[in-house]
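Note sheet for the following structure.
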Amino acid sequence: MTQTTPVSSRNQRNVLVKAAADFVTKAMVDGSYRTFLPLRRIADDYPNAYFDRRGAQHKASVFCSNDYLGMSNHERVVAAARNVLDEQGLGSGGSRNISGTSHYHVELEAELAALHGKESALLFNSGYVANEETLGVIGKLMPEITVLSDSKNHRSLIEGIRKSGLKRVIFEHNSVSDLEAKLKALPADAPKLIVLESIYSMDGHFGLLEEVCRLKHRHNAMIFLDETHGVGVYGRTGAGVADSLGLAHEIDMFQGGFGKAHGATGGYVVGDRFVVDAVRLMAPGFIFTTSLPPLVLAAALASVRHLKQSNVERERLFANVSLLKDELRRHGLPVMDSPSHIVPVMIGDSFRCKSISDTLLREHGFYVQPINFPSVPRGQERLRVIVSSSHTEREIRAFVIALAHIIAATS
Ligand SMILES: Cc1ncc(COP(=O)(O)O)c(C=O)c1O
């Protein structure tokens, strides 16, 4: 038997560093390397923020935030967080099981279950974890399920399905015929779970909920719906896209979050009481982590409650979205045909996309982050333009003129 010399820890570390350096260099060469822009958001001047350039502070109007309705700065939301900070301090102090359940956790879970018309809700530290952990537990509870997953599902859904260990069948994005063919190919009595999003965050497409609900009945399937980008923005009470279509009762389990329209952070699932309770008892990413701070939950609760009874923010958002889309089309820009509030402008090259974004910021004071691989496939790089309810008509028109000017100058 040949003896191998053990590799010293220093050498192992050198190998690790070399592998990381090779990866980073490759990303720089192929244009997928990411740079972050540190922002100082301005609470009473949303969607504007300061950023530093060469030691000086500049102001930018942000055109890529998921804070669609400006709720991160809403007076009720900020006051709720501030009061709880003063009353209870910052952290929750523990996992949900060990001293980290505040009465805000309980109140918010009850509010969410009622909002979606389901029996129970469970909070997670992010929407990502909510998807990953819940799907993981579903696989343990019912290993005989086959999951039918839309090909453009978010990474958190993909990882959750992988974690579940369930058999997975991928159907073409938003293709009802492909989904139906794949459902038909499965035994009629096999349990099935269709996993999809109500809005695909990089393209702005709606998931085909009416058709999927029809197929659900024809082929005896359950539905797990990610409403991350739908909650707050759609539906009379902000309950999301399925609710706006009168289909909430057809959805077996919803996932949502507070990081987008609610202007806070955190995620949740809602569904049948026993399923939610089993997730609570089984999901490692729920159990073994410090729970969300009460001040965040108080803010999220204020946001959910406000958007339940106020349409003002939604109306302003959709007026701005429609102005943005009209202006982009009028200037002949390569805007994707998106029916929702998410408005991607296709660029198709990572370096060009970054250069357009840099020029927009540097010369015009508009910030839109370039979206590159792995968020979108290579060659489909884009500017994911997000207008908020707080942008002014003037800002939107000026933004489109600047973008048109840069795109024309670089083509
Ligand atoms: C469709 C979808 N689901 C889930 C998530 C994760 O949500 P969170 O940011 O709360 O982790 C995102 C985040 O961007 C998303 O776009």
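General observations
- The value of relative contact order for the chain, using C-alpha pairs under 8 Å at least six residues apart, is 21 percent.
- Overall dimensions of the chain, expressed as equivalent-ellipsoid semi-axes from the Cα gyration tensor (√(5λ), whole Å, largest first), are 33, 29, 26.
- With 26 Å as the limit on Cα-Cα distance, the pairs of Lys260/Lys325; Lys167/Lys260; Lys59/Lys152; Lys26/Lys325 that go past it are Lys167/Lys260; Lys59/Lys152; Lys26/Lys325.
- Per residue, segment 330-374 exposes an accessible area of 42 Å² to a 1.4 Å probe, with every protein chain left in place.
- Charge dipole (debye, nearest 20) of the chain; +1 at Cβ of Lys and Arg, -1 at Cβ of Asp and Glu: 1100 debye
- Sum of side-chain charges, Met202 neighbourhood, beta-carbon under 12 Å (Lys, Arg +1; Asp, Glu -1): +1
- If you wrap the Cα atoms of segment 282-411 in a convex hull and average its projected area over all directions, you get 11.2 nm².
- Electrostatic bookkeeping for Pro339 treats Lys and Arg as +1 and Asp and Glu as -1; over the other residues with beta carbon under 12 Å from its beta carbon, the sum is -1.
- Length released on extending from Met282 to Tyr50, taking residue separation times 0.36 nm less the Cα-Cα span: 79.2 nm
- Value of [θ]222 nm, deg cm²/dmol, for the chain, DSSP H segments ≥ 4, -39500 (n - 2.57) each, nearest 500: -14000 deg cm²/dmol
- Of Leu360, Leu186, the residue with the largest accessible area leads and the full order is Leu186, Leu360 (1.4 Å probe).
- Set the Cα radius of gyration of segment 41-183 against 2.2 N^0.38 Å, with N its number of residues, and you get 1.43.
- Here segment 146-191 is treated with +1 on each Lys and Arg Cβ and -1 on each Asp and Glu Cβ, and its dipole about the Cα centre works out to around 240 debye.
- Once you reduce segment 341-406 and segment 1-33 to the center of their Cα atoms, the two points are 35 Å from each other.
- Spatial separation of Cα centroids for segment 66-112 and segment 188-252, in angstrom: 28 Å
- Mean accessible surface per residue for segment 76-309, computed with a 1.4 Å probe while every protein chain stays in place, in Å²: 40 Å²
- One decimal place: the segment Val312-Arg40 gains 95.3 nm when fully extended, by the rule 0.36 nm per residue minus the C-alpha distance.
- Residues in segment 362-369 carry Karplus couplings, in order, of 5, 9, 10, x, 10, 10, 10, 6 Hz; the curve used is 6.51 cos²θ - 1.76 cosθ + 1.60 with θ = phi - 60°, and Gly or Pro positions show x.
- Think of each Lys and Arg Cβ as +1 and each Asp and Glu Cβ as -1; about the Cα centre, that makes the dipole of segment 1-152 roughly 980 debye.
- Cα-based equivalent ellipsoid, segment 76-309: semi-axes from gyration tensor eigenvalues, Å: 31, 19, 14
- Cα-based shape type of segment 216-302, given that a ≥ b ≥ c are square roots of the gyration tensor eigenvalues and the cut on a/c is 1.5: oblate
- Here the chain exposes an accessible surface that is 55 percent carbon and sulfur, computed with a 1.4 Å probe and the other protein chains kept in place.
- The string of couplings for segment 55-72 from the Karplus curve (6.51, -1.76, 1.60, θ = phi - 60°) is x, 10, 9, 10, 10, 10, 8, 8, 10, 8, 8, 7, 7, 3, 10, x, 6, 4 Hz, one whole number per residue in order, with x for Gly and Pro.
- Greater than 19 Å apart at Cα, pairs in Lys140/Lys182; Lys192/Lys216; Lys18/Lys354: Lys140/Lys182; Lys18/Lys354
The values are calculated or read from the model by the stated rules, or taken from the named source; none is laboratory data. All of these numbers come straight from a predicted model, not from anything done at the bench. Positions of Cβ are generated from backbone atoms using ideal geometry, with glycine treated the same way; all protein chains shown enter the neighbour counts. Areas reflect the complete protein model, heavy atoms only, side chains present, ligands, DNA and RNA absent. Shrake-Rupley method; radii C 1.70, N 1.55, O 1.52, S 1.80 Å.
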